[in-house]
Amino acid sequence: MATPAPVHHPWGRVAAGCLFLWACSAVAVVDGPGDDRRGYERPDFETRSRALEARVGIHGDLVARALEQHLGLPLLGFPASAPLSEERVALGRKLFFDRRLSLNGTQSCGMCHIPEQGFTNNELAIAVGIEGRSVGRNAPTLYNVAFLGTLFHDGREESLEQQAWQPMLHPNEMANPSIGFVIDKIASLPDYADLFETAFDGRGPDLETVPKALASYQRTLVSANSAFDRWYFGAETGAMDEAAIRGFRLFTGRAGCVACHAIEQDHALFTDQRLHNTGVGYARSQRREEPGPSRVWLYPGVSIDVSAHLIRSVGEERVPDLGRYRVTSDPDDRWRFRTPSLRNVALTAPYMHDGSLATLEAVVAFYDGGGTPNPLLSPLVRPLELSDSERAELVAFLRALTGEYRSLVLDAFAAPLGDVGVERRVPARPTEAE
Ligand code: HEC
Ligand code: HEC
């Protein structure tokens with residue numbers, strides 16, 4: 001994807017050549033890591049992060065957008081007990097970006113599921129939660145999460161309503177001591193006064209309404225109508241280029257990807273929502289710790305070498321991630337992880353449950369080599385013997401799966417931040433720009 005030349009600007013990185021804020025917002029750069037620390041070893045390193053207050057958003061009509069038919073996806077479904085409404089979505093979005101939902105007011109959902117980074121985090125292989133504690137797994141994208149019935153890398157939850165309390169209570173994520181604690185806190189915040197009651201027929205924040213609101217917002221993060229969708233489901237010849245078309249043939253043919261990353265007759269989620277052993281988890285369990293010192297960058301241009309012994313003494317012990325086994329205790333489930341969707345995969349690096357593969361090229365090379373052999377490896381993963389150009393074609397195909405998402409990112413930018421003492425300026429703009 002072409003990225004406009006960055007310019008230094010008080011509103012962050014905006015497309016070069018735009019003079020007025022209003023004109024800019026429609027073309028503002030809404031993706032890419034803010035600070036991947038490339039060049040951190042140089043003393044003149046300059047951060048690419050943008051100040052949060054500087055992000056300019058445009059509210060979109062999320063409910064109407066979500067309920068539309070999106071080329072390549074089924075119609076959005078939701079539990080009968082949790083119909084979408086504008087009030088619920090707005091409330092869910094407010095909660096999602098509210099740092100006060102964590103024990104010490106520092107961590108919101110949106111800080112691990114970052115809108116401009118594919119609703120995941122491009123800068124971290126594994127997520128970092130409250131007080132810098134490691135979560136041990138890569139944050140998945142939330143695009144199209146409404147269509148998933150198998151949640152988390154080990155598939156331990158089935159619905160967004162069940163899922164939502166986990167990050168809020170996990171000691172390494174938002175670290176709240178109990179559900180009651182969160183509910184009391186929200187009830188005490190004046191800016192939530194009446195919002196729950198209006199959205200939920202008079203009910204205040206409680207065990208059910210908090211996750212329902214969060215789920216409502218997340219269900220609107222629908223993204224399809226990609227080049228692939230227009231070519232395959234829309235019969236638009238020319239929507240996808242030749243290399244990607246050859247990549248599609250490999251994906252559905254000799255490379256065998258479609259066996260797990262499923263494509264149906266009239267839609268494609270690119271996941272069978274099942275759990276498989278591709279060897280990623282096994283590979284990590286076999287990795288030995290580096291015996292020597294590790295270089296730690298303190299600030300641009302300044303590093304120290306820290307001994308492995310010292311790092312062990314401050315960090316938590318790394319327990320191997322056995323995937324589905326953690327849920328079932330069945331030895332055959334060791335290193336099985338859920339097949340992720342591949343929609344928008346170009347936006348959601350790094351890859352796999354542990355973020356161990358940095359690029360799509362690395363992912364394709366991993367499959368080409370037959371995954372990581374282990375006694376429980378899925379028989380569907382085997383050496384492919386692809387040529388260099390075939391590997392590039394598979395990557396081109398994966399890049400053609402990026403759907404429409406810009407209006408969702410701009411809408412997220414317009415959400416209130418829920419920070420102690422920070423009020424957002426939200427310019428009123430009726431239109432949405434994809
Ligand atoms: C510290 C970072 C962090 C925070 C904060 C966080 N998440 Fe996550 N999220 C993750 C990680 C990591 C996973 C994967 C965990 C796993 O598979 O065990 C995840 C998984 C999910 C999933 C499942 C997605 C899928 O494809 O299976 C959803 C939905 C989700 N988070 C929503 C939320 C919501 C809502 C909040 C706020 C209440 C939140 N997250 C806060 C890191 C975070
Ligand atoms: C046996 C089923 C299976 C087959 C076949 C398969 N995959 Fe996967 N794929 C998975 C699973 C499971 C994961 C997640 C593994 C993990 O998290 O450790 C995954 C992860 C990925 C990811 C990373 C997505 C992300 O968001 O992290 C990409 C990209 C991918 N596969 C592409 C492919 C391609 C291209 C092929 C064909 C060459 C392929 N897959 C074949 C099951 C499969």
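Conditions tested, residue by residue: (1) of a type in the set (A, V, I, L, M, F, W, C); (2) near ligand 1 (Cβ under 10 Å from one of its atoms); (3) in contact (Cβ under 8 Å) with a residue 60 or more places away in the chain; (4) part of a helix (DSSP H, G or I).
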{"residue": "L91", "(1), (2), (3), (4)": "yes, no, yes, yes"}
{"residue": "L95", "(1), (2), (3), (4)": "yes, yes, yes, yes"}
{"residue": "G105", "(1), (2), (3), (4)": "no, no, yes, no"}
{"residue": "L124", "(1), (2), (3), (4)": "yes, yes, yes, no"}
{"residue": "R137", "(1), (2), (3), (4)": "no, yes, yes, no"}
{"residue": "A146", "(1), (2), (3), (4)": "yes, yes, yes, yes"}
{"residue": "M174", "(1), (2), (3), (4)": "yes, yes, yes, no"}
{"residue": "T198", "(1), (2), (3), (4)": "no, no, yes, yes"}
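Looking only at region 262-285, decide whether some residue is in a helix (DSSP H, G or I) and free of Cβ contacts under 8 Å to residues at least 24 places away in the same chain.
Residues of region 262-285 in a helix (DSSP H, G or I): 280-285.
Now restrict to residues that are free of Cβ contacts under 8 Å to residues at least 24 places away in the same chain: none.
No: zero hits.
Go through the residues of region 212-235 one by one and say whether even a single one is part of a loop (DSSP other than H, G, I, E, B), within 13 Å of ligand 2 (Cβ to nearest atom) and at pLDDT 95 or above.
We begin by selecting, within region 212-235, every residue part of a loop (DSSP other than H, G, I, E, B); these are 220-226, 233-235.
If we keep only those that are within 13 Å of ligand 2 (Cβ to nearest atom) too, we end up with none.
No, region 212-235 has no match at all.
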If you take the residues in region 305-324 that are free of Cβ contacts under 8 Å to residues at least 60 places away in the same chain and in contact with a helix residue (DSSP H, G or I) (Cβ under 8 Å, 6 or more places away or on another chain), which one is farthest from ligand 1 (Cβ to nearest atom)?
-> P320
What are the residues in region 150-164 that are in contact (Cβ under 8 Å) with a residue 40 or more places away in the chain and more than 16 Å from ligand 2 (Cβ to nearest atom), if any?
-> S159, L160, E161, Q162, Q163, A164
Of the residues in region 173-208, how many are touching a helix residue (DSSP H, G or I) at 6+ places or on another chain (Cβ under 8 Å), farther than 24 Å from R133 by Cβ, modelled with pLDDT of 95 or more and not polar (S, T, N, Q)?
-> 10
Residue check: is V327 outside any helix (DSSP H, G or I) and farther than 30 Å from L386 by Cβ?
-> no
Answer from A80, A139, A66 - the residue that is surrounded by 19 or more Cβ atoms within 10 Å (Cβ to Cβ), more than 16 Å from ligand 2 (Cβ to nearest atom) and in the same structural domain as Y217 (by TED's automatic domain parsing) | A66
List the number of the failed condition for F233; all other conditions in (1) within 14 Å of ligand 1 (Cβ to nearest atom); (2) outside the structural domain of P79 (by TED's automatic domain parsing) hold.
-> (1)
Criterion (farther than 22 Å from W335 by Cβ, in the same structural domain as L408 (by TED's automatic domain parsing) and more than 20 Å from the chain's Cα centre (by Cα)) met by exactly one of G180, G132 | G180
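So that you can scan it fast, the table gives a plain yes or no per residue for (1) in the same structural domain as V145 (by TED's automatic domain parsing); (2) touching an Asp or Glu at 6+ places or on another chain (Cβ under 9 Å); (3) within 10 Å of ligand 2 (Cβ to nearest atom):
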| site | (1), (2), (3) |
| --- | --- |
| A308 | no, yes, no |
| L322 | no, yes, no |
| R326 | no, yes, no |
| F337 | no, yes, yes |
| H353 | no, yes, yes |
| V363 | no, no, yes |
| P379 | no, no, yes |
| A392 | no, yes, no |
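Tell me, which residue of region 107-122 that is in a helix (DSSP H, G or I) and more than 10 Å from ligand 1 (Cβ to nearest atom) is farthest from P171 (Cα to Cα)?
Applying the first criterion (in a helix (DSSP H, G or I)) to region 107-122 yields 109-111, 115-117.
Within this subset, residues satisfying the condition of being more than 10 Å from ligand 1 (Cβ to nearest atom) are 115-117.
Numbers: P115: 24, E116: 26, Q117: 24 Å.
Ranking the qualifying residues of region 107-122, first place goes to E116.
The values are calculated or read from the model by the stated rules, or taken from the named source; none is laboratory data. In this text, all values refer to a predicted model and were calculated from it rather than measured experimentally. So basically every Cβ, Gly included, is an ideal-geometry build from the backbone, and we count neighbours across all protein chains shown.
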